[in-house]
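In what follows, a structure is listed as structure tokens, so that the remarks can point back to it.
Here, each number is a calculation from the coordinates, and none is a lab measurement. Keep in mind that this is a model prediction, so the values were computed, not measured. Cβ placement follows ideal geometry from the backbone for every residue including glycine, while neighbour counts extend to all protein chains displayed.
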Amino acid sequence: MDKTALWHPVPLRLVDEVMPRLRDTELRVMLVVLRQTWGWRADRSAEDAEGTAGRKHKRRDWLSHRQLCRRTGRGSDAVSGAVASLVAAGLLVVEDAGGTALATPEERRRCLGRLYFRPGDVWGSGELRQAKDM
């Protein structure tokens, strides 16, 4: 068995800087999204536009609200609040199928299609925003 299939990367900044400011459900939601994106390894037999072949992480993944509740072990209100806080802090991005960011709970509720989750761009930059309630 491939031992790398038994773990996935977690940004050190999450553990060192952000985790102390997160509530329990926020951390759980963030970990689920990291698992479903950076922790996913899709085999690719052909080279892509970047000239790489082999295993690649997902940029984003579709997750239903029910899946998030089940995977985090938390209730609907707690998960909704956690997603709102993580998006406001820039730690998480929620998009529609076309890639349009849905920054508010109202925009996410109005979206009739699937919601796609990905880690926020702050994980690759030097700055982290603070949400009011974090």
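Overview of results
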quantity: Other-chain or far-sequence residues with amide H under 5 Å of Trp62's (modelled H); calculated: Phe117
quantity: Simple label model, 7 Å out from Cα along Cβ direction - Arg109 to His8, nm; calculated: 2.9 nm
quantity: Whole-Hz couplings from phi, Karplus 6.51/-1.76/1.60, listed for the range 18-24; x for Gly and Pro; calculated: 8, 3, x, 8, 8, 7, 3
quantity: Net length gained if the chain between Asp121 and Val15 were fully extended (0.36 nm per residue, minus Cα distance); calculated: 36.5 nm
quantity: Global form of the range 25-124, assessed from the alpha-carbon gyration tensor, a/c cut-off 1.5; calculated: prolate
quantity: Two-site label geometry, Arg35 and Arg23: point separation in nm, points 7 Å out along Cα→Cβ; calculated: 2.1 nm
quantity: 5 angstrom amide H check on Leu92, placed H, neighbours 5+ away; calculated: Val87, Gly120
